[in-house]
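Have a look at the structure below before the remarks.
What follows is calculated from the coordinates using simple rules that are stated; it is not laboratory data. Model, not experiment: these values are computed from the prediction. Don't worry about glycine lacking a Cβ; one is built from the backbone with ideal geometry, like all the others, and counts go over all protein chains shown.
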Amino acid sequence: GAGVSQSPSNKVTEKGKDVELRCDPISGHTALYWYRQSLGQGLEFLIYFQGNSAPDKSGLPSDRFSAERTGGSVSTLTIQRTQQEDSAVYLCASSTRSGTPSGQFFGPGTRLTVL
Amino acid sequence: SQQGEEDPQALSIQEGENATMNCSYKTSINNLQWYRQNSGRGLVHLILIRSNEREKHSGRLRVTLDTSKKSSSLLITASRAADTASYFCATDRFTSGTYKYIFGTGTRLKVLA
């Protein structure tokens with residue numbers, strides 16, 4: 001595709017339910033990143049994939065959060081037993097490699113609301 | 001807490017004036033980047049400056065980096081109403097076999113026509 005896409009664009013769920021967020025990076029981008037942005041705040045780094053591998057998962061807020069990437073392409077971020085404090089915009093980005101001068105290309109985000 | 005701290009948090013200027021935003025960080029870095037975000041949508045990459053560079057230009061943008069002070073500044077010259085957005089600095093550091101990315105809390109710029 002022309003850019004990074006994310007789905008769904010909006011998700012409203014009830015506390016305690018599981019949600020799955022999807023990210024389709026730009027074709028050929030080996031690096032993929034997940035961030036969380038609360039209202040009016042900066043971005044909180046969650047996890048980074050190089051290919052299918054995520055060497056460091058320590059940025060994930062709790063063990064209710066998990067992420068995977070398959071085939072070096074699509075990634076899913078799963079939040080189990082959602083809590084109200086999980087409400088935020090979840091942003092995905094990709095790049096050809098880390099530290100590239102062209103930076104990261106961001107998707108439009110998924111706005112998650114936990115009631 | 002966020003490593004990157006931008007100041008000011010908010011800035012309002014008249015069209016045609018220059019806008020300067022600053023960013024401070026705490027640990028050593030590989031690169032520092034600036035991004036723009038319009039109305040809570042996805043971020044757009046503006047410019048990357050490497051840790052061994054001191055200044056970089058791109059169109060109306062000028063970025064400086066002072067690694068001794070762990071700070072960077074973004075200057076937008078001859079601002080336009082379309083520059084109204086939030087601006088974030090982001091640092092990346094390779095440690096323990098992986099990259100860590102830290103975004104600041106952002107500067108909300110408003111350019112008045």
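Quick rundown of the values:
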| read-out | value |
| --- | --- |
| Full-extension gain in nm, B:Glu53 to B:Ala82, via 0.36 nm per residue minus C-alpha separation | 7.6 nm |
| Relative contact order computed over chain B (Cα-Cα under 8 Å; 6+ residues apart), in percent | 38 |
| Mean separation of Cα contacts under 8 Å, 6 or more apart, over the residue count of chain A: relative contact order % | 37 |
| Within 10 Å of each Cβ in B:90-98, the average number of Cβ atoms from other chains | 4 |
| Under the Debye formula (equal points on every Cα, no solvent term), log10 I(q)/I(0) of the range A:40-105 at q = 0.23, 0.26, 0.27 Å⁻¹ | -1.18, -1.38, -1.43 |
| Neighbour count of at most 16 Cβ within 10 Å plus DSSP loop: longest trypsin sites (Lys or Arg not before Pro)-free window in chain A | A:18-56 |
| Mean Cα-pair separation over length for the range A:72-115, i.e. relative contact order, pairs under 8 Å, 6 or more apart, % | 45 |
| Shape box of the range B:1-90 [Cα atoms, principal axes, largest first, Å] | 35, 27, 21 |
| Neighbourhood charge, 10 Å Cβ-Cβ cut-off, centred on A:Thr82 and excluding it, Lys, Arg +1 and Asp, Glu -1 | +1 |
| Percentage of interatomic Cα-Cα distances in chain A larger than 25 Å | 16 |
| Inter-chain Cβ neighbour average for residues B:57-66, partner chain, 10 Å | 0 |
| The protein assembly as shown - convex hull of the alpha-carbon atoms, volume per residue in Å³ | 120 |
